[in-house]
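Below: one structure, written as structure tokens.
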Amino acid sequence: MNSETEVAVIGAGAAGIAAARRLTDAGVLCLLIEARDRLGGRAYTVRHGGHGVDLGCGWLHSAATNPFVAIAEAQGRTLDRSSPAWSRPAVERNFPLADQRAYHQAMADYYERLSELAARAADVSCAAAFEPGNRWNGLIGAVVSYISGGDARDVSARDFENYAGTDVNWRVSEGYGTVVAAHAQGVTAALGTIVERIDRSARQIVVETNRGAISARHVIVTLPTNIIAARAELFFPLLPEKTEAAAGLPLGLADKLYLALDNADEFGRDSRVFARTDTKDTASYTVRPQGRPQIEGYFGNSFADELERGGTDAFVDFAVGQLADVFGSDFRKRLSIIDMHLWRADPFARGSYSFARPGKVECRAVLAAPVDERLFFAGEACSQLDFSTAHGAYLTGLTAADQVLKARKAA
Ligand SMILES: Cc1cc2nc3c(=O)[nH]c(=O)nc-3n(C[C@H](O)[C@H](O)[C@H](O)COP(=O)(O)OP(=O)(O)OC[C@H]3O[C@@H](n4cnc5c(N)ncnc54)[C@H](O)[C@@H]3O)c2cc1C
């Protein structure tokens with residue numbers, strides 16, 4: 001497959017699809033190049049029991065302003081506007097309400113200290129905001145890892161604070177991944193095409209892939225940061241500022257495990273269970289997500305990394321064991337695996353979403369900056385305020401497409 005296009009967009013996740021769709025709609029010849037045999041990247045829905053199950057992004061965060069809400073509506077999808085499990089009281093069986101109140105107060109105090117630290121001249125890690133000896137540090141650390149993908153000690157307090165999410169979070173019954181992938185309708189895509197090198201030494205940029213070379217006047221790169229950081233030789237000539245910026249914005253890890261639950265009706269929909277509240281090495285469980293007879297387990301960073309070494313079985317064993325500790329050993333018989341995806345082991349993601357290391361907030365702008373008005377960058381890590389999200393990725397894709405349109409006009 002040796003071919004030529006006007007704009008090559010590398011990576012068919014939310015960012016790449018947004019860029020390619022805008023360029024295609026503007027009448028520009030554009031090719032979306034994707035390593036996987038599917039569209040959507042970290043937006044990934046599988047079907048189970050007639051529903052869409054999101055193994056990647058599931059929440060339309062900041063829903064009141066999230067562009068995927070209008071896209072989902074235009075696709076005729078069913079939006080679920082009910083409030084998330086994390087905004088409701090947790091199951092009281094092992095976590096009495098008085099303790100939950102104490103935890104929420106500790107979390108609010110933690111956030112207040114974090115804001116103060118983030119406003120100081122020198123950036124520090126999110127771990128600096130822990131109150132030494134506080135009984136809730138374990139659970140706060142777990143929640144920080146679910147939000148950022150990183151362990152508190154590795155995450156920039158300023159970057160964490162910069163995140164501009166609102167409290168409005170919706171879901172879509174058919175799956176967020178379904179919506180993102182369907183948005184590529186009308187776009188020309190080359191699936192199963194792995195980009196190995198981007199050679200900009202001549203006037204036309206040559207994108208070398210496992211299926212041949214593709215030449216283009218302009219290229220938009222939307223690869224996950226862990227892939228950019230691991231492969232300096234991806235760019236020819238080298239672009240050390242991009243490689244270093246990507247290394248400052250590693251993808252942390254969040255993995256979701258879905259279990260089927262027999263006789264689920266004894267639980268209210270979207271009930272939250274914390275099996276342990278004294279360690280960050282624990283999962284959060286949503287029982288009956290969207291009212292379905294399922295349990296969604298959420299595992300964060302270094303703890304999830306450790307479990308990934310044992311594969312899906314390690315997550316199932318851990319989750320079933322924790323849930324049996326809370327609900328009794330008979331509960332085991334009511335559980336069976338539906339699905340999960342190991343995001344660290346995934347060669348085309350190598351993690352879940354980006355956080356900035358302490359002192360590395362500016363890497364987001366460095367990564368996003370165009371090179372010679374020919375090579376452009378998008379992807380969730382390029383977003384200053386909506387990083388780590390699908391809608392943030394989408395918006396950076398639109399920005400990159402607009403930059404290309406402007407460069408074409410100027411040429
Ligand atoms: C478990 C989990 C839960 C999440 N929860 C939420 C949530 O609730 N809400 C939310 O908004 N966000 C959530 N996210 C984050 C969200 O999914 C991502 O931020 C977003 O989808 C990233 O989009 P992107 O286009 O930047 O990158 P990607 O989707 O990663 O797209 C990059 C594309 O590049 C492709 N690629 C990689 N290497 C190559 C190569 N060499 N050649 C060609 N193509 C290549 C990849 O296959 C991929 O398709 C979650 C993510 C995970 C993993």
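Would you list which lysines come within 25 Å of residue 333, measuring only between C-alpha atoms, while excluding same-chain residues fewer than 8 positions from it?
256
Relative to 2.2 N^0.38 Å, what does the C-alpha radius of gyration of the chain come to as a ratio? Two decimals please.
Working it through for the chain, the quotient is 0.99.
If Lys and Arg each add +1 and Asp and Glu each add -1, what is the summed charge of the other residues whose beta carbon sits under 9 Å from the beta carbon of residue 14?
Residues near residue 14 contribute 0 overall.
What's the angle, to the nearest 10 degrees (0 to 90), between helix 97-118's Cα axis and the longest principal axis of the chain?
It works out to around 40 degrees.
Enumerate by residue number the chymotrypsin sites (Phe, Trp or Tyr not before Pro) in the stretch 193-272 meeting two conditions: DSSP loop (anything except H, G, I, E, B), and at most 11 other Cβ atoms within 10 Å of the site's Cβ.
Sites meeting the loop and neighbour criteria: none at all.
Counting only protein heavy atoms and using a 1.4 Å probe, what share of the accessible area of the stretch 206-315 belongs to carbon plus sulfur, as a whole percent?
Reported share for carbon and sulfur atoms: 47 percent.
Using a cut-off of 14 Å between beta-carbons, work out the net charge of the residues near residue 271 (Lys and Arg +1, Asp and Glu -1, residue 271 not included).
In short, +1.
Run the dipole for the chain about the Cα centre, Lys and Arg Cβ at +1, Asp and Glu Cβ at -1, nothing else charged, and hand back the magnitude in debye, nearest 20.
680
Quick check for you: with a 1.4 Å probe and neighbouring chains kept, what is the accessible area per residue of the stretch 139-200, in Å²?
Per-residue accessible area for the stretch 139-200 comes out at 33 Å².
Given a 1.4 angstrom probe, I'd like the percentage of the accessible area of the stretch 74-121 that is carbon and sulfur, rounded to a whole number.
About 52 percent, which is the carbon plus sulfur part of the accessible surface.
Can you compute the modelled spin-label distance between residue 111 and residue 410, with each label point 7 Å from Cα toward Cβ, in nm?
4.1
Mind listing the phi-derived Karplus ³J(HN,Hα) values for the stretch 298-312, rounded to whole Hz, using 6.51, -1.76 and 1.60 with θ = phi - 60°, and x for any glycine or proline?
Going residue by residue, I get 10, 10, x, 3, 4, 5, 5, 4, 4, 5, 4, 4, x, x, 4 Hz, with x marking Gly and Pro.
Just to confirm a number: summing +1 for Lys and Arg and -1 for Asp and Glu over residues other than residue 299 whose beta-carbon lies under 10 angstrom from that of residue 299, what do you get?
Within the 10 Å Cβ shell, the charges total -4.
Which residue fluctuates most in the GNM of the chain (Cα springs below 10 Å): 271, 82, 388?
82
Which of 229, 115, 76 sits farthest toward the positive end of the charge dipole of the chain, with +1 on the Cβ of Lys and Arg and -1 on the Cβ of Asp and Glu?
Of the candidates, 76 comes out farthest on the positive side.
Leaving out ligands and nucleic acids, and using a 1.4 Å probe, what accessible area per residue does the stretch 1-128 come to in Å²?
45
For the chain, what's the relative contact order in percent, using C-alpha pairs closer than 8 Å and at least 6 residues apart?
This gives 24 percent for the chain.
Under a cut-off of 27 Å between alpha-carbon atoms, report the lysines in cross-link reach of residue 242, not counting same-chain residues fewer than 8 places apart.
Correct list for residue 242: 360, 406, 409.
Relative contact order for the stretch 234-298: what percent, with Cα pairs under 8 Å and sequence separation of 6 or more?
32
Compute the helix-to-body angle for 137-148: its Cα long axis versus the longest principal axis of the chain, expressed 0 to 90° and rounded to tens.
Helix 137-148 and the main axis of the chain meet at about 30 degrees.
Over the stretch 327-393, average the accessible area per residue using a 1.4 Å probe and give it in Å², no decimals.
39
The values are calculated or read from the model by the stated rules, or taken from the named source; none is laboratory data. Quick caveat, the model's predicted, so the values are computed rather than measured. Glycine gets a Cβ as well: all are built from the backbone with ideal geometry, and neighbour counts include every protein chain shown. Accessible surface areas use protein heavy atoms only, side chains included; no ligands, DNA or RNA. Shrake-Rupley method; radii C 1.70, N 1.55, O 1.52, S 1.80 Å.
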